[in-house]
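Notes follow the structure.
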Amino acid sequence: MTDNPQASKKYKLVAVGGTFDHFHKGHQSLLTKAFSIGEKVLVGVTCDSFCRCKPLSNEIQPFYLRKRNILNFIRAHFKDADFEIIVLKDKYGPAISDKNIEAIIVTEQTIQTAKEINQIRVSKGLNPLEIVVVDMVLAYDGKPISSTRIRSGEITVDGEAVS
């Protein structure tokens, strides 16, 4: 397992997943890393029903809007990229069963899920995924930018203080 965010190896298929609510600089960083190391990127976006367990879930943008924001970012920054956006109905998605996925992009906050995915994959006779950890993008106050902080009105999507 490599936890090196500077990994330069190209993978045929990498996965990245999340809620991608109030699309922010941290999401941009995850996707940028995925597209920099993957020939194809599988982007998993949590469905609306799965989001109900998250803090301030009533403030989470609907799936169609979260997906549109991702598409707009990819089209603007990775014009010729090969990618697919899929619906995640649980925290693992196809990463536990798709033998073609070679790497998963995570943050320190989500690395445990990637380790769980690898345990499940190994139990199924699949190769574990290479885990690539991307540093959290920090807000003006030195704390990570997160959708939860944005939903609570603490910071903007750019990590600035809400005035």
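Results, tabulated for the structure shown:
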| quantity | calculated |
| --- | --- |
| Scattering curve values for the chain, log₁₀ I(q)/I(0), Debye with Cα scatterers, q = 0.13, 0.17, 0.20 Å⁻¹ | -0.60, -1.04, -1.40 |
| Cut-off of 10 Å, at most 16 other beta carbons, DSSP loop: longest stretch of the chain lacking such GluC sites (Glu not before Pro) | 1-107 |
| Cβ-defined net charge surrounding residue 74, 15 Å radius [Lys, Arg +1; Asp, Glu -1] | +3 |
| Exposed-site-free run, longest, the chain (rule: trypsin sites (Lys or Arg not before Pro); DSSP loop; at most 14 other C-beta within 10 Å) | 11-78 |
| Debye, to nearest 20: dipole size of region 55-96, +1 on Lys, Arg Cβ, -1 on Asp, Glu Cβ | 120 debye |
| Set of lysines near residue 10 by C-alpha distance (under 27 Å), chain-local residues within fewer than 8 positions excluded | 25, 33, 40, 67, 79, 91, 99, 115, 124 |
| Within-15-Å neighbourhood charge of residue 125 [Cβ basis; K, R +1; D, E -1] | +2 |
| Prolate/oblate/rounded label for region 68-141 (Cα gyration tensor, a/c 1.5) | oblate |
| Extreme residue, positive dipole direction of region 11-151, given options 142, 85, 107 (C-beta unit charges) | 85 |
| Efficiency of FRET between residue 124 and residue 160 - r from beta-carbon atoms, R0 41 angstrom, step 0.05 | 0.40 |
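Values quoted throughout were computed directly from the atomic coordinates according to the rules given, and no laboratory measurement underlies them. This structure is a prediction, so every number in the text was calculated from the model and none was measured. When we count neighbours, we look across all protein chains shown, and the Cβ atoms used for this are built from the backbone with ideal geometry, even at glycine.
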